[in-house]
Structure formats: structure tokens, C-alpha cells
Amino acid sequence: MSASFVAYFRVSTERQGRSGLGLEAQRESVARQVASLGGQVVAEFTEIESGKRNDRPELAKALAAARSRGAVLIIAKLDRLARNARFLLSVVEGVGEAGLMFCDLPQLPAGPVGKFMVTMLAAVAELEAGMISQRTKAALEAVKARGVKLGNPNLRPGTPQAAKRAAKARTAQAKAKAADVLPYVKAARKAGASSLSQIAQALEARGIRTPRGGTSWAPAQVARILATERTAA
């Protein structure tokens, strides 16, 4: 008898939900993983909600379905579920005996050891998100220290001055976030990724977010990250 899976998908915005942006990649990842195990998806649930929110009705339905059917709850990527370690642990405890599987972490064992490893990975992801936020704030403070007034009420929207200062703020944010991503780019290179596309795939596999907060990397985005490295050198 083939294994049964309940699939859970999540995107952050209504626009992504309507366009299928992100959902298609998640479905393909789940389909490949289930097919490789000779299983079948018996139910699927899609949530359009920020990953920061813990009240997710579709996730609750998915957990209930997994328990009642004795099925594995399968999710494309760890960050599609949560970056909050406490919330993730509550989900891990809420699945049935069949357990929980992430397509980007198929090697995780079942049982208490798997639960422990998932919780540790979520704690690392939560730490990374906090550090990115902290560094972005520090970069904005540095911009202010150089005399750039962010959100100046005296600047009317649409004026050249407002546009210039907004552009400086965006540049500062982009550089701060690029600095957080560069170590992962270097690690991908050391692991054998030689092209921009291969590096992009490696970043996606690790769940690294783009400077704008997305989860899908394009070669052009990797090129811009590398450009900041050359500028800083």
C-alpha cells in the first residue's frame, strides 16, 4: 500500500495566490518528492498568509487531515511553514504518527530525533531573520548619520528630492541584505556551483530569501549580489 500525504502550501500575498507565483514551484517540489517515494497526495491545503502569523486555518485543516488519514504532512520548504521555532514545534507536535516531511530536507529521520532537528533548523532560520532585520536597521541608522533624513515630512511625494532620498534608503537596505546573503553565495561556489543559475538554485534550496523578501532566486538577482561584493572590494 502506497504512503499517503497531505500537502500544505503557503504564499504571503493575495497577488501571489491569484498568479500562482510560488505555488507552482511548491506543487512541483511536492509532486516530485511524493512520486519518488511511490506515494500519493490525498488532500492539499493552500494558505495565503504571512509567515509571521501563527493563526492559520488552512494549516489547522491540513494537520487534522493528516491525523485522521494517518498521512504524512508534506511541505515544499521549511520556510513555507515557519521561521519561528516555538510555532514550528507546536506544528510538529500536532501532526499524526506518520509525521512531517519537507521536500528540501528529505533526509530528516522520523520520530523524536527528526523533531529535534527540525526545531534546531527553525531556530537557526529565526536567528538569521532577526540578524537580517538588525543589520538593515543599522544600515538605515548609518544613512541617517550621514545626513539623509528618511521619511522627512517636509518632502512632498513625487518631488526629485523625495525620490533621491528614497533611492538612497533603498540602496542602503539592498547593500545590508546583500551582505547577509554573500556568505551563502560563497558557500555555494565552494560546493561547486559555477553559474549564476546554479548559485540561485543553491540559495533556494537553503531557503535564503531575496533582498526583497521573496523565496525564488533569479540569476540576475545573484549577479546583483556579486556586484555589491566587487563594489565593496
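A short reminder: the numbers here are calculations on the coordinates, not readings from a lab. Values in this document were obtained by computation on a predicted structure and should not be read as measured data. Cβ placement follows ideal geometry from the backbone for every residue including glycine, while neighbour counts extend to all protein chains displayed.
Values for this structure:
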item: Mean Cβ neighbour count within 10 Å, used as a protection proxy, ranking 30-42, 62-74, 87-99 highest first; result: 62-74, 87-99, 30-42
item: Sorted by Cβ neighbour density within 10 Å, fewest at the top, the residues Phe9, Phe45, Phe116; result: Phe116, Phe45, Phe9
